[in-house]
Amino acid sequence: MDVGLFLLIEPFASVETQLQRVKELGFRRADITDTNAGGSMLGSAGFSPTVSLDENPFEVKRLFERHGITPSAVCAHALLLEPSNPGKYGTAEIMKAIRFAAAIGIRDVVTTETDARSEWAQQLTYEESIFTVAEKLYTPVQMAGDYGVRILLEPHGPITDTIRGMQDIFDRLGNPDALGVNLDTGNAWLGGTDPVEMARVFREKIHHVHWKDLGPEWEPKRGTMFGCGFSNIALGDGVIDLQGVCEVLRGCDIESSTLEIIGGDDVLVRSAEFLKDQGV
């Protein structure tokens, strides 16, 4: 399993600057971390590491290649619990991400439902939430299969942070081969699920991993938050049983994974060494 980085190493910096830092740190893979439809003012000015899904994907591929970096996945985290709205990142953007990824040989597009923001979404029943997420993913999943791409659901919301919720979405969509899991160790744990058990249940569906460890100060928030963005400590320094996750995933056919960690260079390097020592 190759280990890469999120392109959010330097604050207020362009994709190119992030790629330079990835290379300097000795990594050779990175997720296309932030994506948007249309144009981004800050992205155009070089103050945000965002990639437009309306960009020529081959230009982005050439940018990565100039720095010797291979893109691991396209991140397309959405608001799948919210009412359909062209102003919200959702089905249309996921479909653009599929086309973008397929054009340049990226296999995986990562998405999730995110926590409910609106009063409407917060009042959904569990069954309504499953239907709402699955309905928004139905066409993208079919399209991903046609393009030879996989949509990977990441634990990052009230449904996907649970094993039952993740499985119910799979079942509602007919358990297609084009739908898999991006295991986020920190998000799963923070949402109240044992990431070791999630890894065990979805072992054959996990095709990418976002690695995080969290310190004891996060324990009072467990079960009340859905996603924390990043960790600021090295893997193995926190309270999450990452050794147990690695034991479950050891030997799986997972091509790449990503460190979702901010901090000093030593934190990133030590985290990569931790995974190497675990044999994944």
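The values are calculated or read from the model by the stated rules, or taken from the named source; none is laboratory data. Since the structure is predicted, the reported quantities are computational estimates derived from the model, not experimental observations. Positions of Cβ are backbone-derived with ideal geometry, glycine not excepted, and every protein chain shown enters the neighbour counts.
Odds and ends about this structure:
- The lone exception for TYR89 - which of (1) among the aromatic types (Phe, Trp, Tyr); (2) more than 30 Å from LEU124 (Cβ to Cβ); (3) assigned to a loop (DSSP other than H, G, I, E, B); (4) free of Cβ contacts under 8 Å to residues at least 60 places away in the same chain it fails: (2)
- Segment 255-270, subset under 21 Å from GLY227 (Cβ atoms) and more than 18 Å from the chain's Cα centre (by Cα), residue modelled with the highest pLDDT: VAL267
- Test result for PRO71, of a type outside the set (A, V, I, L, M, F, W, C), surrounded by fewer than 22 Cβ atoms within 10 Å (Cβ to Cβ) and farther than 17 Å from VAL141 by Cβ: no
- Residues (touching a residue at least 40 places away in the same chain (Cβ under 8 Å) and assigned to a helix (DSSP H, G or I)) located in segment 174-216: THR185, GLY186, ASN187, TRP189, PRO195, VAL196, MET198, ALA199, ARG200
- Hey, ALA97 touching a Leu at 6+ places or on another chain (Cβ under 7 Å), surrounded by 20 or more Cβ atoms within 10 Å (Cβ to Cβ), assigned to a helix (DSSP H, G or I) and of a type in the set (A, V, I, L, M) or not: yes
- Breaking point among (1) at positive phi; (2) buried (at least 16 other Cβ atoms within 10 Å of the Cβ), for THR50: (1)
- Residues considered: ASP266, ASP213. Of these, the only one that is of a type in the set (Asp, Glu) and in contact with a Leu (Cβ under 6 Å, 6 or more places away or on another chain) is ASP213.
- Screening segment 17-70 for strands (runs of 3 or more DSSP E) wholly inside it with 3 or more residues that are under 18 Å from GLY87 (Cβ atoms) returns the ranges 34-36.
- With respect to (1) buried (at least 20 other Cβ atoms within 10 Å of the Cβ); (2) at pLDDT 95 or above; (3) out of contact with any Phe, Trp or Tyr (no Cβ under 8 Å at 6 or more places or on another chain), the lone exception for PHE226 is condition (2).
- For segment 133-147, the condition holds for no residue, the condition being that it is out of contact with any Gly (no Cβ under 6 Å at 6 or more places or on another chain), assigned to a loop (DSSP other than H, G, I, E, B) and not aliphatic (A, V, I, L, M).
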